[in-house]
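Undergrad: Pasting a structure here, questions to come.
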Amino acid sequence: MVINNIKDINLILEKAYKIAIQEVVKDNGELFLERLTNNQFNLLFKIISNAESFKAIVTVLTTSLVKKIENPKQDIRYHKKELKGGYSGRTLDTKFITPFFKKYFSRFAMKESGWLTRSIEQPHPFTLKFPGKIRNKEVKQAFLQILRDIEENKANPENYLIALFILLRREIIRSGALLSRQVLNKKKDLTINQIIESLKEHFFTRYKGAGASRLPVVAIYSIYEILIRDIARYKGKKLIPLKSHVASDIKSKEIGDVEIIDKKTKSIFEGVEIKHGIPIDFLMVGDVYEKIKNVSIERYYILTTAEPNIKKGQEDKVLQLINEIRKSHGCEIVVNGLIPSLKYYLRLVHNLDEFLDRYSKNIKIEASTSTVIKLEHLEKWNEIIKRLKI
């Protein structure tokens with residue numbers, strides 16, 4: 001077929017991608033997708049429809065398909081060299097597949113390799129009995145069934161690969177349309193309560209995938225963008241851009257989800273740690289102290305969407321530790337509910353529309369640079385915003 005006899009991995013990927021793009025331009029890929037049986041399409045669609053939450057599966061599937069095209073004699077279920085007759089899927093992924101995804105499908109690209117995921121890296125072949133604990137059983141079975149289809153039913157890996165790229169490209173187009181959609185028309189007399197209720201709905205909706213914990217972080221960051229400009233306390237201060245949600249504070253050498261520095265001294269002025277649905281407890285305050293004990297910082301907020309804000313029975317213990325830190329270090333640690341804090345901050349904002357504009361813009365930026373904030377979060381926000389229109 002079109003990619004047959006190509007042995008160069010990059011050429012296999014580029015050729016399949018080129019064909020996929022041509023098919024999408026021609027008829028949204030519909031005619032090509034008809035080459036798959038209904039069962040094959042359904043298996044592939046289950047994976048693509050969950051691609052934001054299971055990037056590792058998409059990556060490993062792509063690696064497997066490319067390896068089968070490059071070497072038809074290889075049983076691609078044996079993805080480790082220590083398995084008899086196996087090959088190094090991780091090496092192939094790290095060297096070729098993930099860089100290719102970063103170039104063409106960045107939203108779905110792994111940082112290094114799909115094989116770094118615990119549920120994938122196990123030294124067992126990808127048969128239907130594979131013990132890896134992939135969270136979504138349907139996604140797991142779809143992945144394993146595709147490899148079985150190729151090895152036992154002699155299904156064409158090229159059709160699967162091109163179809164995979166077609167569906168990924170369609171997802172990119174769909175997400176691009178959503179990201180560029182103008183969601184907010186100005187509404188007169190917008191109230192703080194309307195905004196707060198809208199944010200609560202956005203935070204607490206039950207989504208299919210993870211990532212909602214990032215939404216309160218973006219909300220606080222968006223309000224700080226305004227406060228840093230308008231409030232006297234923050235004169236001469238700078239808001240640091242949001243760091244990656246998946247980067248640990250230790251590795252990134254940053255002390256919170258939101259940080260403000262002094263422009264002149266470059267020292268940390270204020271930090272904010274944000275928890276979603278988790279009450280603040282004694283250990284949490286202790287962890288914050290470990291991050292700031294060698295840092296000169298004036299104030300640190302620990303905010304949570306949980307109610308009550310402090311874990312029941314630990315109120316006195318938490319406040320005692322806060323007082324001890326204040327005496328020994330000098331930093332004022334403030335624990336509070338995120339919703340009451342937002343309500344207070346919004347009272348300081350002259351134009352409430354500006355906050356909504358900034359929040360809308362920032363969740364789009366987050367969604368375009370990673371898959372922590374997902375399309376379902378954007379879709380929900382668009383739905384909420386529509387109700388605030390005139």
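Undergrad: I'd like the residue in the stretch 293-314 that is of a type in the set (K, R) and farther than 27 Å from T265 by Cα and, out of all such residues, is surrounded by the most Cβ atoms within 10 Å (Cβ to Cβ).
TA: K311
Undergrad: Has the stretch 352-371 got at least one residue that is over 30 Å from I172 (Cα atoms) and at pLDDT below 95?
TA: Yes, the conditions are met somewhere in the stretch 352-371.
Undergrad: Restricting the stretch 322-333 to residues that are out of contact with any Phe, Trp or Tyr (no Cβ under 6 Å at 6 or more places or on another chain) and either among the polar types (S, T, N, Q) or crowded, with 19+ Cβ neighbours inside 10 Å (or both), which is nearest to G277 (Cα to Cα)?
TA: Step by step, filter the stretch 322-333, then rank; the result is I322.
Undergrad: Looking at E138, E151, E121 in this structure, which one is part of a loop (DSSP other than H, G, I, E, B) and not small (G, A, S)?
TA: E121
Undergrad: When you scan the stretch 28-42, do you find a residue that is under 21 Å from G89 (Cβ atoms) and in the same structural domain as F165 (by TED's automatic domain parsing), even just one?
TA: No.
Undergrad: Return the residue satisfying two criteria in turn: it lies in the stretch 208-230 and is surrounded by fewer than 15 Cβ atoms within 10 Å (Cβ to Cβ) and not in a helix (DSSP H, G or I), and of such residues it is farthest from the chain's Cα centre (by Cα).
TA: The extreme case among them is K208.
Undergrad: Quickly run through the stretch 334-351 and pick out the residues that are aromatic (F, W, Y) and exposed (fewer than 14 other Cβ atoms within 10 Å of the Cβ).
TA: Within the stretch 334-351, just Y344 meets the criteria.
Undergrad: Taking helices (runs of 4 or more DSSP H) that fall entirely within the stretch 279-390, which contain at least 2 residues that are within 22 Å of D230 (Cβ to Cβ) and either out of contact with any Asp or Glu (no Cβ under 7 Å at 6 or more places or on another chain) or without any contact (Cβ under 8 Å) to a residue 24 or more places away in the chain (or both)?
TA: Correct list: 338-347, 352-369.
Undergrad: For T94, are the conditions met, namely being in contact with a helix residue (DSSP H, G or I) (Cβ under 9 Å, 6 or more places away or on another chain), in contact (Cβ under 8 Å) with a residue 24 or more places away in the chain and among the polar types (S, T, N, Q)? Walk me through it before giving the result.
TA: Working: in contact with a helix residue (DSSP H, G or I) (Cβ under 9 Å, 6 or more places away or on another chain): yes; in contact (Cβ under 8 Å) with a residue 24 or more places away in the chain: no; among the polar types (S, T, N, Q): yes.
No, not satisfied.
Undergrad: Which numbered condition trips up L184, out of (1) out of contact with any Pro (no Cβ under 7 Å at 6 or more places or on another chain); (2) crowded, with 16+ Cβ neighbours inside 10 Å; (3) at pLDDT 95 or above?
TA: With (1) out of contact with any Pro (no Cβ under 7 Å at 6 or more places or on another chain); (2) crowded, with 16+ Cβ neighbours inside 10 Å; (3) at pLDDT 95 or above applied to L184, the lone miss is (3).
Undergrad: Among the residues of the stretch 53-81, which ones are without any contact (Cβ under 8 Å) to a residue 40 or more places away in the chain and in a helix (DSSP H, G or I)?
TA: Within the stretch 53-81, just K67 meets the criteria.
Undergrad: Taking the condition of being of a type in the set (S, T, N, Q) and crowded, with 19+ Cβ neighbours inside 10 Å, how many residues in the stretch 189-207 meet it?
TA: Residues in the stretch 189-207 being of a type in the set (S, T, N, Q) and crowded, with 19+ Cβ neighbours inside 10 Å: 0 in total.
Undergrad: Sticking with this one: Examine the stretch 113-120 for a residue that is more than 22 Å from T98 (Cα to Cα) and either surrounded by fewer than 18 Cβ atoms within 10 Å (Cβ to Cβ) or not β-branched (V, I, T) (or both), and state whether such a residue exists.
TA: Within the stretch 113-120, not a single residue is more than 22 Å from T98 (Cα to Cα) and either surrounded by fewer than 18 Cβ atoms within 10 Å (Cβ to Cβ) or not β-branched (V, I, T) (or both).
Undergrad: For the stretch 266-277, give me the residue count where each residue is at pLDDT 95 or above and aliphatic (A, V, I, L, M).
TA: Matching residues across the stretch 266-277 total 2.
The values are calculated or read from the model by the stated rules, or taken from the named source; none is laboratory data. No experiment lies behind these values; they were computed from the predicted model shown. Virtual Cβ from ideal backbone geometry, glycine too; neighbours counted across all protein chains shown.
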